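The block underneath contains the structure these notes are about, expressed in structure tokens.
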Amino acid sequence: MKSVTLNLKQQPDLFLEVECLTPDTFAGKKLAEIEKLPVYQGKEDKTLGEYFSVAGESGATAADTQIVVNGDCSKVKYIGAKMTAGEVIVNSTTDMYTGAWMKGGRIVVNGDVHSFCGLGMEGGEFIIEGNAGNFLGASYRGDWRGMQGGLIRVKGNVGSDIGSFMRGGEMIIGGNADIHIATHAEGGRIVIKGNVNRRIGGQMVKGEVIVFGTVNVMMPGFKYVRDVELNVDGTTAQFNEFIGDLGERHPKRKGETVYGKLFLRK
């Protein structure tokens, strides 16, 4: 795999949108061409080379291209958005839409990510070594398609509204989560190894949420059905199984009603 290294030269005055920062766009390009790729600061058209120094060599294809980003990217949006293959490593915190609509490949953020990251993700692997903000793996505002595939793994805590309208894929959260988890979910799996504030699975139709810690307040639309033993991310434990949200219409599969499932560790 060939590697291109970007070093941030200057902080943008406003938030910088870098939709070009993907292995798909870099593949097959010379460094001079990469430097001229368009980025946007507010209403102004800029180039990638105005903000980043560019070194290394890109691969012939996205799958053969790695991008390493150094410098404080807390005001840089859309890193790795819509990528289909390859690898992006960011040694910093990143802003909104990191990994949004990702279809394949791997993103590693060695820091935190702000809200609205991993939106509508369809495939690939998104690793966050720090914390994540609100609406991780959710749908874009006004859309009904949240995360549909792939894996998001967060080592720290997450905010609210993660997995809203989730339809597939898996999220594994190492720390705690705030409110509104898997709201409107129609598939997928969310594992939370810490505690959850409240409002898990509101209007949930399908999918699973697994909580290792405590939940401050349970949604009234969930019903306890049994105790089960599960192996989750390498840990085997006993869980209380609930089904819901019982206030929603649920599809039938082979004559049986399909519910969302919530598992709370005993």
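The values are calculated or read from the model by the stated rules, or taken from the named source; none is laboratory data. Computed from a predicted structure; not experimentally measured. Don't worry about glycine lacking a Cβ; one is built from the backbone with ideal geometry, like all the others, and counts go over all protein chains shown.
Of the residues making up segment 8-20, those that are surrounded by 14 or more Cβ atoms within 10 Å (Cβ to Cβ) and touching a strand residue (DSSP E or B) at 6+ places or on another chain (Cβ under 7 Å) are L8, P12, F15, L16, E17, V18, C20. When N197, N216, N231 are checked against the criterion of being under 21 Å from the mean Cα position of the chain (by Cα) and of a type in the set (S, T, N, Q), a single residue qualifies: N197.
Comparison of G56, G80 shows that the only residue that is closer than 29 Å to G163 by Cβ and not aliphatic (A, V, I, L, M) is G80. Checking each residue in segment 95-111 for being in a loop (DSSP other than H, G, I, E, B) and either closer than 18 Å to L16 by Cα or not charged (D, E, K, R) (or both) picks out D95, M96, Y97, T98, G99, A100, W101, M102, G104, G105, N110, G111.
Entry remark, segment 252-266: residues being surrounded by 11 or more Cβ atoms within 10 Å (Cβ to Cβ) and either of a type in the set (K, R) or not in a strand (DSSP E or B) (or both) number 4 in total.
Residue-by-condition table, conditions (1) touching an Asp or Glu at 6+ places or on another chain (Cβ under 6 Å); (2) at pLDDT 95 or above; (3) polar (S, T, N, Q):
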residue	(1), (2), (3)
I200	no, yes, no
G207	no, yes, no
G213	no, yes, no
P220	no, no, no
V228	yes, yes, no
G234	no, yes, no
Q238	yes, yes, yes
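In summary, G56 fulfils each of the numbered conditions (1) surrounded by fewer than 17 Cβ atoms within 10 Å (Cβ to Cβ); (2) among the small types (G, A, S); (3) under 24 Å from the mean Cα position of the chain (by Cα) with the single exception of condition (3). Of the residues making up segment 72-87, those that are in contact with a Pro (Cβ under 9 Å, 6 or more places away or on another chain), assigned to a strand (DSSP E or B) and of a type outside the set (A, V, I, L, M) number 1. If the condition is being farther than 19 Å from K9 by Cβ and either at pLDDT below 95 or out of contact with any strand residue (DSSP E or B) (no Cβ under 6 Å at 6 or more places or on another chain) (or both), then segment 25-44 contributes T25, G28, K29, K30, K43. Is it the case, given these coordinates, that I67 is closer than 29 Å to D13 by Cα, more than 15 Å from the chain's Cα centre (by Cα) and surrounded by 17 or more Cβ atoms within 10 Å (Cβ to Cβ)? Yes, satisfied.
Consider segment 112-122 and keep the residues that are at negative phi and part of a loop (DSSP other than H, G, I, E, B). The one that is surrounded by the most Cβ atoms within 10 Å (Cβ to Cβ) is C117.
Okay, residues lined up against (1) farther than 24 Å from E129 by Cα; (2) buried (at least 20 other Cβ atoms within 10 Å of the Cβ); (3) among the hydrophobic types (A, V, I, L, M, F, W, C); (4) modelled with pLDDT under 95:
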{"site": "P23", "(1), (2), (3), (4)": "no, yes, no, no"}
{"site": "K46", "(1), (2), (3), (4)": "yes, no, no, no"}
{"site": "E50", "(1), (2), (3), (4)": "yes, no, no, no"}
{"site": "N91", "(1), (2), (3), (4)": "no, no, no, no"}
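Give the residues of segment 195-221 that are part of a loop (DSSP other than H, G, I, E, B) and farther than 19 Å from D233 by Cβ, sorted by residue number.
Residues of segment 195-221 part of a loop (DSSP other than H, G, I, E, B): 195, 199, 201-205, 212-214, 218-221.
Selection gives R199, G201, G202, Q203, M204, V205, M218, M219, P220, G221.
Of the residues making up segment 16-71, those that are farther than 20 Å from C117 by Cβ, part of a loop (DSSP other than H, G, I, E, B) and of a type in the set (V, I, T) number 1.
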